[in-house]
1. Given the conditions (1) under 16 Å from the mean Cα position of the chain (by Cα); (2) modelled with pLDDT of 90 or more, report the number of the one that residue 150 does not fulfil.
2. Name the single residue that is nearest to the chain's Cα centre (by Cα) among those in segment 65-81 being under 21 Å from residue 135 (Cβ atoms) and part of a strand (DSSP E or B).
3. Restricted to segment 82-93, and to residues that are surrounded by 14 or more Cβ atoms within 10 Å (Cβ to Cβ) and outside any strand (DSSP E or B), which residue is modelled with the lowest pLDDT?
4. Could you please find all residues in segment 1-52 being in contact with a strand residue (DSSP E or B) (Cβ under 8 Å, 6 or more places away or on another chain), touching a residue at least 40 places away in the same chain (Cβ under 8 Å) and in a loop (DSSP other than H, G, I, E, B)?
5. Mind listing whichever residues of segment 111-144 are over 14 Å from the mean Cα position of the chain (by Cα) and within 18 Å of residue 165 (Cβ to Cβ)?
6. Could you tell me whether segment 118-132 includes any residue that is touching a residue at least 12 places away in the same chain (Cβ under 8 Å), under 22 Å from residue 30 (Cα atoms) and surrounded by fewer than 12 Cβ atoms within 10 Å (Cβ to Cβ)?
7. With the structure loaded, tell me whether residue 102 is surrounded by 14 or more Cβ atoms within 10 Å (Cβ to Cβ) and part of a helix (DSSP H, G or I) or whether it fails that test.
8. In segment 112-155, how many are touching a strand residue (DSSP E or B) at 6+ places or on another chain (Cβ under 7 Å) and not in a loop (DSSP other than H, G, I, E, B)?
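The values are calculated or read from the model by the stated rules, or taken from the named source; none is laboratory data. Values in this document were obtained by computation on a predicted structure and should not be read as measured data. Cβ atoms come from the backbone with ideal geometry, glycine included; neighbour counts cover every protein chain shown.
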């Protein structure tokens, strides 16, 4: 459940550290928790599932972090919307589908949400973080650290600005 300290951002980071680059989410979640920011809630798991809607906090913005093959290198921030594309099961769900579950179960619009793509290529069992992912993790951490050292009131505008910049760069 979300902290009662009025978070300004809820971060969902998922993945499996036993599968190479898939461990990007947990690696960044650990770094985020080490910041010990009262306004930041970090939710880490092996995968997203429908129960994670219980971690939403009304209008508090959400940031989903995942290893991504959708980009070649580095990072990209994307603003995401609820979608009922059917991309989920009782065991795993895409962030967009999770936002839709929230909308359907609460009757409320989901919070503003962003997906931080972190470039990844190596997902084999027992592999370590690959070179592409290691460089992308450094980029992601630089972005996150810079964002989160701003006043909490600037976190959501910072994510929006980065998402707009990424969309314009395409």
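1. (1)
2. 65
3. Initially, segment 82-93 is screened for residues surrounded by 14 or more Cβ atoms within 10 Å (Cβ to Cβ), giving 82-83, 87-88, 92-93.
Subset that is outside any strand (DSSP E or B): 82-83, 87, 92.
Numbers: 82: 92, 83: 90, 87: 54, 92: 72.
Within segment 82-93, the match that is modelled with the lowest pLDDT is 87.
4. Once the filter is applied, which keeps residues that are in contact with a strand residue (DSSP E or B) (Cβ under 8 Å, 6 or more places away or on another chain), touching a residue at least 40 places away in the same chain (Cβ under 8 Å) and in a loop (DSSP other than H, G, I, E, B), segment 1-52 yields 2, 7, 8, 15, 39, 47, 48, 49.
5. Within segment 111-144, the first condition is being over 14 Å from the mean Cα position of the chain (by Cα), and the residues that meet it are 120-136, 138-139, 142.
Result: 136, 139, 142.
6. Yes - at least one qualifying residue is present in segment 118-132.
7. Working: surrounded by 14 or more Cβ atoms within 10 Å (Cβ to Cβ): yes; part of a helix (DSSP H, G or I): yes.
When the stated conditions are applied, residue 102 passes them.
8. Residues flagged as touching a strand residue (DSSP E or B) at 6+ places or on another chain (Cβ under 7 Å) and not in a loop (DSSP other than H, G, I, E, B) within segment 112-155 amount to 16.
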